[in-house]
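Visitor: Take a look at this one; I'll ask things after.
The values are calculated or read from the model by the stated rules, or taken from the named source; none is laboratory data. Since this is a predicted model, take the numbers as computed values, not measurements. Here Cβ is always computed from backbone atoms with ideal geometry, including for glycine, and neighbour counts include all displayed protein chains. For accessibility, only protein heavy atoms count, side chains too; no ligands or nucleic acids. Shrake-Rupley method; radii C 1.70, N 1.55, O 1.52, S 1.80 Å.
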Amino acid sequence: MIQEFINRVASKINPQPTFEDKLKAQTVISSKMLNAIKLWTEMYTDMPPWKGEKGLETKTQNIPAAIAREFARLITQESEISVGGDERGAYINEQLQRFLRYFPQKVEMYCAKGGIFIKPYISGKNVILSYYTADRAYPTAYDTNGDISGAVFIEQMRKGDYIYTRLEWHTMTYNADIEDQAQNEDSKTADSDSSGETPKNTNLYNVRNQAFRSERLVSYSDDSDFDMMNCRFPLQDEVDLNTIDEWSDIEPEVNIVGLEAPLFVYIKVPSANNVDSYCPLGVSVYSLAIDAIRESDRQYTRCINEYELKEAAIHASADLWKSNKDGTPILPEGKERVYRTLDDAGKDENTIKDYSPDIRDTSFYNGLEETKRDIEFLAGLAYGTLSRMQETAKTATEIKMSKQRSYTTVSNMQREIEDGLRKVCDVINALADLYELCPDGSYELACAWGDSVREDTDVEYQRRLQLVMAGLYRQEAFVAWYFGCPEEEVVKKYMPLLPAADDGNHDEGDKDGGA
């Protein structure tokens with residue numbers, strides 16, 4: 001206890017340096033935005049500030065995680081994503097498919113925390129796509145369009161009694177003076193001609209890596225001392241990258257000349273940032289529904305308490321029970337909640353009373369359903385996703401209207417994700433050029449998301465098939481829609497081969513029925 005007190009006092013007098021101090025980098029995230037990201041994370045992990053709050057002892061329904069998971073399901077359930085082209089396209093597709101293996105989980109995190117960073121890196125002859133959420137990556141620069149051009153990525157690892165933290169800082173300097181930089185042995189050129197002349201594109205891209213070790217874990221009182229959301233990283237002592245085997249192949253600093261865009265991509269939820277309108281980061285899909293979620297959890301707790309407080313029981317005077325040596329009544333073991341003793345002072349002996357009050361569950365649950373409908377409206381979900389459907393839609397038009405809210409929200413996120421994946425392919429292509437991972441060539445991303453959020457896919461299939469049979473829709477376009485591939489690949493991969501035309505030339509053996 002004394003050591004813990006000393007540590008807390010010392011931390012206030014000599015606070016741990018942040019990564020901004022170590023890298024001499026300035027982030028573009030306000031404390032207000034950091035606190036919002038921290039709150040979204042706590043809500044997603046079912047640890048919101050109001051859980052177990054005194055008085056009501058609020059229980060939670062884990063609604064934020066349910067919202068993020070439902071959006072991820074709607075976004076990815078029919079997704080078909082691939083990269084076509086020649087050998088370069090096949091290579092990029094191989095790298096992308098490895099990342100897409102766990103695509104729904106990554107989209108769920110994207111929804112919960114307002115966005116996701118995708119940062120490719122080289123591993124042998126492959127390009128591995130790592131991802132970071134807003135609590136592990138911090139933008140340091142962005143342009144007038146809100147596109148992030150600089151960021152710090154944080155990775156941590158525990159080895160023995162220490163926590164090791166690696167900071168990877170990406171910076172882009174447009175139209176830099178590269179005369180001195182060209183002499184740097186570590187620099188790479190992404191845009192140069194065969195003569196080796198200075199590239200026309202003089203953008204300078206710098207990647208810097210530093211590793212730090214914490215104090216011994218016993219010197220910290222709890223995990224809150226590693227609170228990344230407040231930038232209080234355990235950056236006690238700087239160490240070499242090869243201290244950790246997994247980081248030993250990472251170069252401390254690399255300079256690249258000629259890149260058009262950063263070697264990472266940020267995909268954000270396409271909603272206006274109502275927390276900090278000047279921040280380039282996105283907001284959680286449930287950012288507008290925080291108060292409604294809190295009220296829903298409180299109303300849910302009231303429902304649970306109503307059942308617990310109104311639980312049926314048998315109250316009997318103490319004289320009806322056997323007693324132990326100190327005179328305490330002995331209730332049936334395991335049924336203490338059913339049988340209870342009465343304070344029979346001033347009452348008749350041998351009194352038995354049945355406790356079975358009416359439960360106000362209908363009014364309580366009606367209130368809970370209303371809070372859930374508020375959440376659906378604020379989160380952009382169709383009514384009935386979280387709440388119970390109050391009316392049954394009868395016509396196709398009514399069904400379509402009931403799903404329109406979710407369809408619009410999901411479609412916007414799908415377009416944002418597709419644009420982000422296209423930029424990821426561009427980064428993989430740039431790395432393939434820099435490190436000569438495969439022959440140069442063309443590539444094209446194809447994304448098919450489906451339309452079952454708003455309409456049954458079978459219905460759309462039958463509609464398009466009828467258009468084909470009526471001669472109003474080309475077969476190639478129909479097959480391309482069905483398989484989610486570029487139309488130029490349809491004939492080569494999916495259309496049946498037609499029999500060779502008879503040109504009328506037959507040899508004598510054919511005429512005679514063969515030799």
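Visitor: Would you mind finding the one in Glu94, Glu80, Glu108 that is without any contact (Cβ under 8 Å) to a residue 40 or more places away in the chain and among the acidic types (Asp, Glu)? Before you say what the answer is, go through the steps one by one.
Guide: On the way: Glu80 fails: without any contact (Cβ under 8 Å) to a residue 40 or more places away in the chain; Glu108 fails: without any contact (Cβ under 8 Å) to a residue 40 or more places away in the chain.
Of the residues listed, the single one that is without any contact (Cβ under 8 Å) to a residue 40 or more places away in the chain and among the acidic types (Asp, Glu) is Glu94.
Visitor: Now, a different point. Tell me whether the stretch 447-462 contains one or more residues that are open to solvent by 70 Å² or more (accessible area, probe 1.4 Å), modelled with pLDDT under 75 and assigned to a helix (DSSP H, G or I).
Guide: Yes; the residues of the stretch 447-462 include at least one that is open to solvent by 70 Å² or more (accessible area, probe 1.4 Å), modelled with pLDDT under 75 and assigned to a helix (DSSP H, G or I).
Visitor: Pairs under 7 Å by beta carbon, first residue more than 16 Å from Ser284 (Cβ to Cβ) in the stretch 363-380, partner acidic (Asp, Glu) and modelled with pLDDT of 90 or more, six or more apart or different chains?
Guide: Hits for this filter: Thr371/Glu295.
Visitor: If you don't mind, there's one more thing I want to ask. Which ones in the stretch 54-77 are open to solvent by less than 50 Å² (accessible area, probe 1.4 Å) and either among the acidic types (Asp, Glu) or without any contact (Cβ under 8 Å) to a residue 12 or more places away in the chain (or both)?
Guide: Glu70
Visitor: How many of the residues making up the stretch 88-102 are at pLDDT 95 or above and either within 11 Å of the chain's Cα centre (by Cα) or within 30 Å of Ile293 (Cα to Cα) (or both)?
Guide: Residues flagged as at pLDDT 95 or above and either within 11 Å of the chain's Cα centre (by Cα) or within 30 Å of Ile293 (Cα to Cα) (or both) within the stretch 88-102 amount to 0.
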